[in-house]
Amino acid sequence: MDRIFSTVLLSLLLLLQSYGVWGAPPQPRGTLCRTKPTDLVFVIDSSRSVRPQEFEKVKVFMSRVIEGLDVGPNSTRVGVINYASAVKNEFSLKTHQTKAGLLQAVRRIEPLSTGTMTGLAIQFAISRAFSDSEGARLRTPNINKVAIVVTDGRPQDGVQDVSARARAAGIEIFAIGVGRVDMHTLRQIASEPLDDHVDYVESYSVIEKLTHKFQEAFCVVSDLCATGDHDCEQICISTPGSYKCACKEGFTLNNDGKTCSACSGGSGSALDLVFLIDGSKSVRPENFELVKKFINQIVESLEVSEKQAQVGLVQYSSSVRQEFPLGQFKNKKDIKAAVKKMDYMEKGTMTGQALKYLIDSSFSIANGARPGVPKVGIVFTDGRSQDYITDAAKKAKDLGFRMFAVGVGNAVEDELREIASEPVAEHYFYTADFRTISNIGKKLQMKICIEEDPCECKSIVKFQTKVEELIDSLQRKLEAVAKRIEALENKII
């Protein structure tokens with residue numbers, strides 16, 4: 001059976017090689033970006049459920065997005081609709097032609113503090129905000145029409161039909177939900193694909209984290225590779241307004257992100273890896289399942305054995321619980337099965353206590369740690385620690401442990417940086433949404449692989465990524481076929 005599986009796996013690898021899977025993963029380089037001319041309208045919920053200080057966070061978010069745009073009559077124009085029980089046109093697409101004017105106008109916006117008529121606001125966007133009289137331009141391949149809807153509750157009117165009319169009129173709609181928002185409503189509002197157009201954050205305090213996504217969304221594709229405006233040694237890959245460097249098969253990308261070295265081969269080296277997982281009540285059961293998938297995603301990229309990688313798992317909330325120590329399981333299959341069986345603790349967030357447990361117990365010889373073997377800790381949390389973390393975080397790094405910090409939702413980035421090893425930028429990660437932690441998992445796979453053969457590990461990660469992409473593509477095609485069959489059946493009936 002193992003021989004058959006190996007043959008199938010080899011065939012898949014050869015197939016994926018033809019798709020260009022191999023070589024080093026490209027690393028981002030330059031940051032130049034010119035934004036595509038867009039008619040952009042923010043549709044902002046300021047109902048009574050949005051507190052004044054929370055509304056200020058929305059204004060900061062809008063300002064950050066605007067700061068990344070090329071603003072002008074022939075580039076991007078911006079308007080803002082403020083709504084509650086009624087709709088207020090704060091300023092139209094033709095009102096401000098400079099970035100400074102827009103930012104000043106955003107600062108002056110005040111909340112309305114009544115009901116939540118989201119459908120009415122979207123209808124206003126169609127009939128008024130995106131009209132010629134308010135400064136909107138004809139939609140062409142060179143000019144987009146985009147609405148960003150931000151809301152934190154269930155609307156008091158219908159949104160499905162009016163949102164469909166907006167999309168049919170050529171308006172691309174992004175829907176951002178906050179807190180106890182109705183997710184079904186967001187999906188009714190947003191354009192397809194929903195994964196790209198629906199975003200959720202647990203509180204207004206982290207909405208600013210979405211800024212980068214929208215700055216990228218409005219970025220023009222500029223082929224810096226074609227113009228030669230890059231410093232890649234082997235392969236240059238164009239990205240919107242920027243580029244990435246990569247290497248030919250048989251080479252690995254160096255830490256400078258531009259030069260390449262020949263792969264050395266080998267079967268990997270020893271590594272003791274312990275996951276320190278936040279199981280507090282704020283995580284929620286459905287998100288805890290995503291965390292378990294995140295752990296297994298990283299485990300899958302390791303060479304697990306007595307002489308290579310060992311994995312331990314600790315969960316914490318108001319107390320600390322060792323799920324399994326280093327070396328208890330000798331293969332990936334058993335580790336992944338144990339992770340899937342892990343029960344959710346709930347309660348508080350004692351990150352400092354958990355870090356102390358990692359130092360005193362998890363990496364002790366009594367719990368399976370091996371002398372002289374590199375120690376790696378991955379701390380995952382979704383909120384502010386309820387105890388002091390500074391001393392334990394410092395001690396872990398002083399002892400030579402390589403510490404990664406992963407934060408989601410309400411995690412405090414200052415705490416993540418305090419936990420992370422140097423260079424901090426390479427050892428801490430943050431995302432506002434649990435649904436995107438798999439992207440962090442892919443990055444961590446590569447970071448941890450430094451402890452193993454980088455060429456072999458990158459091939460494994462690239463293989464997994466390509467397979468995931470092929471599966472996602474196949475699933476989308478199957479869903480499309482299912483919809484067509486359903487439509488045909490309805491016609492027959």
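Brief remarks follow.
- Listed by position, the strands (runs of 3 or more DSSP E) contained in the stretch 285-395 that have at least 1 residues being touching a residue at least 60 places away in the same chain (Cβ under 8 Å) are 309-316, 375-381.
- Screening S280, S318, S305, S361 for residues that are within 23 Å of G383 (Cα to Cα) and surrounded by fewer than 21 Cβ atoms within 10 Å (Cβ to Cβ) leaves exactly one candidate, S318.
- Residue in the stretch 161-175 that is at positive phi, open to solvent by less than 30 Å² (accessible area, probe 1.4 Å) and over 23 Å from the mean Cα position of the chain (by Cα) present: yes
- Only a single item in (1) of a type in the set (G, A, S); (2) under 17 Å from I298 (Cβ atoms); (3) free of Cβ contacts under 8 Å to residues at least 40 places away in the same chain; (4) open to solvent by 10 Å² or more (accessible area, probe 1.4 Å) is not met by S438, and it is number (3).
- Some residue of the stretch 285-300 being in contact with a strand residue (DSSP E or B) (Cβ under 8 Å, 6 or more places away or on another chain), open to solvent by 30 Å² or more (accessible area, probe 1.4 Å) and not small (G, A, S): no
- Some residue of the stretch 98-110 being farther than 24 Å from H212 by Cα, of a type in the set (D, E) and part of a helix (DSSP H, G or I): no
- Scanning the stretch 246-271 for residues that are crowded, with 17+ Cβ neighbours inside 10 Å and under 30 Å from K330 (Cβ atoms), we see that the one that is modelled with the highest pLDDT is L271.
- Filter result for the condition that a residue is assigned to a helix (DSSP H, G or I), at pLDDT 95 or above, among the aliphatic types (A, V, I, L, M) and open to solvent by less than 40 Å² (accessible area, probe 1.4 Å), over I122, I66, I81: I122
- Among the residues of the stretch 157-192, the one identified as without any contact (Cβ under 8 Å) to a residue 12 or more places away in the chain and outside any helix (DSSP H, G or I) is E192.
- Residue count for the stretch 331-363 satisfying the condition of being touching a helix residue (DSSP H, G or I) at 6+ places or on another chain (Cβ under 8 Å) and among the hydroxyl-bearing types (S, T, Y): 3.
- Residues that are in a helix (DSSP H, G or I) and either open to solvent by less than 10 Å² (accessible area, probe 1.4 Å) or modelled with pLDDT under 90 (or both), drawn from the stretch 47-58: F55, V58
- For the stretch 415-432, the candidate set comprises residues that are outside any strand (DSSP E or B), hydrophobic (A, V, I, L, M, F, W, C) and touching a residue at least 12 places away in the same chain (Cβ under 8 Å); within that set, the residue that is surrounded by the most Cβ atoms within 10 Å (Cβ to Cβ) is I419.
- Any hit, the stretch 449-464, residues being open to solvent by 40 Å² or more (accessible area, probe 1.4 Å), modelled with pLDDT of 85 or more and not charged (D, E, K, R): no
- Residue match in the stretch 289-307 (condition: among the aliphatic types (A, V, I, L, M) and at pLDDT below 85): yes
- Among residues of the stretch 364-398, those that are open to solvent by 20 Å² or more (accessible area, probe 1.4 Å) and closer than 28 Å to Y204 by Cα, counted: 5
The values are calculated or read from the model by the stated rules, or taken from the named source; none is laboratory data. Since the structure is predicted, the reported quantities are computational estimates derived from the model, not experimental observations. Ideal geometry is used to build each Cβ from the backbone, glycine not excepted, and the neighbour counts take in all protein chains shown. Just so you know, the surface numbers come from the protein's heavy atoms only, side chains and all, with ligands and any DNA or RNA stripped out. Shrake-Rupley method; radii C 1.70, N 1.55, O 1.52, S 1.80 Å.
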